Amino acid sequence: MNRIFVFVPGILATLLGLAVPVLKGQAQQQPRRAEASPAGNIENGKKQFKTHGCASCHSYSGQGGAGARLAQNPITLQAFVNYVRKPKGSMPPFGNQVTETELADIYAFLKSVPPSPDPKSIPLLNQID
Ligand code: HEC
């Protein structure tokens, strides 16, 4: 009868010991810039950016294409949300098709995209006369 009371906490302690390194590993995989925007879920933002078709004009990491460059764009989250709901230029208005949370996630994703390297630091590009 007494054995079960020793056994169960033993299992729990083992499981906890296994879970802690796994959780730590996940935390370390987060991109470095994630701290800058703790409100958004970067993974979901990346997904929503494709699902809502933003990527078709702004490209997959928001580098720009038919649409403006969005990665490393210093506009505020509020300005970002307002623009997507009611753009001023040729971008189609999204109104309420994209939720506030999805937009916060997309914003966090765009913030997490690392800056492009300086072209001067790429040897091949400097070999062109
Ligand atoms: C059909 C092409 C197209 C799609 C789809 C699109 N955009 Fe755009 N977007 C543009 C263009 C073009 C601009 C440049 C300004 C303008 O003409 O509106 C722009 C500008 C923006 C800006 C303003 C950037 C700035 O610095 O002022 C934001 C923010 C933005 N887009 C976010 C999004 C998001 C988020 C989505 C998906 C929900 C999206 N866009 C989907 C074409 C598009």
The lysines whose Cα lies under 25 Å from the Cα of LYS86, excluding any fewer than 8 residues away in the same chain, are LYS46, LYS47, LYS50, LYS111
Applied in sequence order to segment 59-76, the curve 6.51 cos²θ - 1.76 cosθ + 1.60 (Karplus, θ = phi - 60°) yields integer Hz couplings, x standing for Gly and Pro, of 6, 4, 10, x, 6, x, x, 4, x, 5, 6, 10, 5, 6, 7, x, 6, 6
For segment 33-115, using Cα atoms only, the Rg and Dmax in Å read 11.4, 33
Mean Cβ-within-10 Å packing, highest first, puts peptides 51-62, 100-111, 73-84, 115-126 in the order 100-111, 51-62, 73-84, 115-126
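We did not get these values from a lab; they are worked out from the coordinates using the rules stated. Values in this document were obtained by computation on a predicted structure and should not be read as measured data. Virtual Cβ from ideal backbone geometry, glycine too; neighbours counted across all protein chains shown.
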